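Take a look at the structure below.
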Amino acid sequence: MGESGVTSPTVKFAQKKQEPIAKPKQVKRSKEIANDHPLLDRIKKLMGQAQDKASSATVLDQLSELEAQSISPLREELSFWKLRLLLKYDYPSAREDALFLIQEYPDHRLVGHAYLWLIKWQSDLSNQDILSYSSQAMSHQDSKKIVQQAVVFGESVAQNSPADLSVRWYLSAANADPLRRMYWLNKINDVMTKDLLVTLHEEGALQTDAGELLYVQMARNALLMGQTSEVQLMGEYLHKDHPTSSYHEEFLQWSTGSQKQTNIGVMLPISGRYARYGDQSLRGIRLALASLDAYSNIELTIADTGDNAEQCMQAYNQLMQSDVIIGPLLSKCAAAISEQPKGEVPLISLSNRVESAQRMPQMFLHSLSLQMQAQFMAQHVLKAGLQRMVIIQEDSASAKREADMFRHHFEKAAGVIIDQVVLPVGLIDYRTHLSSLGVHVGSFEGVYLAVSGKTMSLLGGQMAIVGVVDVPYYGSARWKDGHLLDDRGRYLDRAYFSDISFPLGRSPELTSVLFLHHQVWPEEKPEKLLGLAYDSTMIAVMVAARLGLHGADLMHALQDENGFDGLTGHVQFNELGIGEKSFEIFQIKGDQLKLVPPHAIEERPNPEQLNLPKGQNQYRSGSDIASVSSYNRQSLSQQ
């Protein structure tokens, strides 16, 4: 077979083009060759001799001779290794041969690899092929490395594909990748339609652990919007697909549609020098209520905290009859309240003061603070497999808190900080301060930088001068000060930072909210704080009005292990009441900032472990507006 006259593998390959397998399925593994079998070592040596198409022909001949002398399962093993060379060097009919071999031996240990080889070396694949093959790789191989590589190949394609294709792929990822299951389910929620849900249910595609959680998540989101009929539909599907599910009792309660008369207290700086931020927050709260199907049972009581602790405490005392309080916003206000807590009224605080939530059981911190981003990034780099880091921080209290938070969570998980460098603020040349890093070059795998964007733009070239090259940089939204790209991103192509993309996005809920915002405030752009207040209000509505909880029961519900989805990302309140946000990751690409999936910067699987060649790692990339009544628009503008 092929230009070199190499014979076809012993397995009779199909001579006609095979279509991709449309629906992944779990398969039972057959008996495999022992890892220490002498033939495997010989195969490895032969594969290493195939450096180009000419030498691959010789290797194929030798593999064919071995194949002719072998019996099952050695024969199939050799056939798959021959297939790898046929695909890598683009022999005629290699794709057809691959699909035939996969169908002939669907339970072989190299099937998952074969799908990845197809994606890697077949340049004419459609997006549907890539999604199908990467889904199959995940379902045929329980190796973490294989799943990671399949995600790298498939996710960017799924993001730019029609909902029918992307949802099916995300569902495959959710089934194969339990550690990131909520991430994939959030992706599904962003693009899922009712018709597609019905189709997936009828096909039996949701009869998995991921499918069970998807029903729960979609029901919770529908409950937030007061869509009782949707909750009931999810309950019916859950009963059919998961008759023994532990969630049935909750669904029964949710589907009744009963809502408790609820008073939501709001404490924000309506006056004073921080009034602009209070106004943005209040807009988010009112947009949340206006987006509900009905909110006549919800009463807002608004108290002005001003810009000082004394007025804040007065506002807090005014709201003691509330079921739940949204606020405070100012850190000094949160600190004052945490020192004098009262009663059992829970507060969903929008402040950045982590310490306040730690001191006060009634306070739940829902924040985009740089400290929370540092915690997120520490967890992120640990998942990436990085164990040794350097920290660089500016000499400021805020930067120190951020750096200390990263260090605490990194070391708590057995990570090692090799060095921590403090930079004076306002310099241009930092080479003297960075020189100590040169001693440690090779002993650390990444750098976390709690510095401004202006400082970051200066550090790229200076880090290279002191010998720090080819390591990733990580940081927070502190970088986004308008100066990050002053040097057009030079030396920063491996720099990543956390943030949220709000108000950008394409989910139906976000589209609806932005439409309503434009109707009321046509000349203004919604800020991130508005989105955070919107999400906090939706959480308050869920636990207080929909579930009818109060006091200790409401606080317990806020710490639900499934957390809460929102326009600004997923949040789950931990045992200390601190909301652990799922931030998004941005990468510097030239003179632009690009949103990337979290896995794109996590640990790259070792090419040898994946049976993929080094040096060839190019990855492929591939609503309805809700009606708004004039009453809602008028009432918002008047309030």
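The values are calculated or read from the model by the stated rules, or taken from the named source; none is laboratory data. Computed from a predicted model, the values in this text were never measured in an experiment. Quick reminder, even Gly has a Cβ in these numbers, built from the backbone with ideal geometry, and neighbours come from all protein chains shown. Note: areas computed on protein heavy atoms with side chains; ligands, DNA, RNA excluded. Shrake-Rupley method; radii C 1.70, N 1.55, O 1.52, S 1.80 Å.
What nm value, rounded to one decimal, do you get for the distance between residue 54 and residue 128 when each label is placed 7 Å out toward the C-beta?
Taking the two extended label points, one gets 4.1 nm.
Would you be so kind as to identify which of 277, 312, 324 lies farthest towards the positive end of the dipole of the stretch 246-358, taking Lys and Arg as +1 and Asp and Glu as -1 on Cβ and the Cα centre as origin?
So the residue furthest toward the plus end is 277.
Using the basic label-point model (7 angstrom from Cα toward the beta carbon), what is the residue 589 to residue 321 distance in nanometres?
5.6
Which stretch or stretches of the stretch 227-255 have amide N atoms under 14 Å from the point lying 7 Å from residue 198's Cα along the Cα→Cβ direction?
Residues passing the 14 Å test: 230, 233-234, 237.
When all alpha-carbon pairs of the chain are counted, what percent fall beyond 43 Å?
On the way: 66407 of 203841 pairs.
When all Cα pairs of the chain are counted, 33 percent exceed 43 Å.
In whole Å, what is the distance between the alpha-carbon centres of the stretch 309-326 and the stretch 388-424?
36
Which GluC sites (Glu not before Pro) does the stretch 481-574 hold that lie in a coil by DSSP with at most 13 other beta carbons within 10 Å? Don't skip to the answer; put the middle values down first.
On the way: sites: 509, 523, 524, 527, 561; in loops: 523, 524, 527, 561.
Listed in order of number, the matching sites are 523, 524, 561.
Once you sort the root eigenvalues of the Cα gyration tensor of the stretch 417-464 as a ≥ b ≥ c, which label holds: rounded (a/c under 1.5), prolate (a/b larger than b/c) or oblate (the other case)?
Note, shape of the stretch 417-464 comes out prolate.
Quick one: of the DSSP bridges fully inside the chain, what percent are antiparallel, nearest 5? List each step's numbers first, then the result.
Values: 13 of 46 bridges.
Taking every DSSP beta bridge with both residues in the chain, the antiparallel ones total about 30 percent.
Quick check on packing: order 51-61, 381-391 by the mean number of other C-beta atoms within 10 Å, highest mean leading. If you can, show how the numbers build up before the last one.
Values: 51-61: 15.8, 381-391: 18.9.
Ranked from most to least packed, the peptides come out as 381-391, 51-61.
So if each residue of separation counts as 0.36 nm, and I subtract the Cα-Cα distance between residue 471 and residue 107, what length gain in nm does that give?
Details: separation 364, 0.36 × 364 = 131.04 nm, distance 3.91 nm.
Taking residue 471 through residue 107 to full extension adds about 127.1 nm, to one decimal.
State, to one decimal in nm, how far the label point of residue 275 lies from the label point of residue 62, with both points 7 Å from Cα in the Cβ direction.
8.2
What is the Cα centroid distance between the stretch 171-247 and the stretch 449-507, reported in whole angstrom?
Here the two parts' Cα centres lie 37 Å apart.
Give me the dipole magnitude in Debye, nearest 20, for the chain about the Cα centre, with unit charges on the beta carbon: positive for Lys and Arg, negative for Asp and Glu.
Details: 61 positive and 74 negative charges, 205 e Å.
The calculated dipole for the chain is roughly 980 debye.
What is the set of long-range amide H partners of residue 474 at a cut-off below 5 Å, with H atoms built 1.01 Å from backbone N?
447, 448, 449, 496
Which whole-number value in Å² is the accessible area per residue of the stretch 165-234, probe 1.4 Å?
Values: 2530 Å² over 70 residues.
Result: 36 Å² per residue.
By the gyration tensor of its Cα atoms, with a ≥ b ≥ c the square roots of the eigenvalues, what is the shape of the stretch 476-562: rounded for a/c under 1.5, prolate for a/b over b/c, or oblate? Don't skip to the end; give the middle numbers.
On the way: a/c = 3.22, a/b = 1.66, b/c = 1.94.
Oblate is the answer for the stretch 476-562, as a/c is 1.5 or above yet b/c matches or exceeds a/b.
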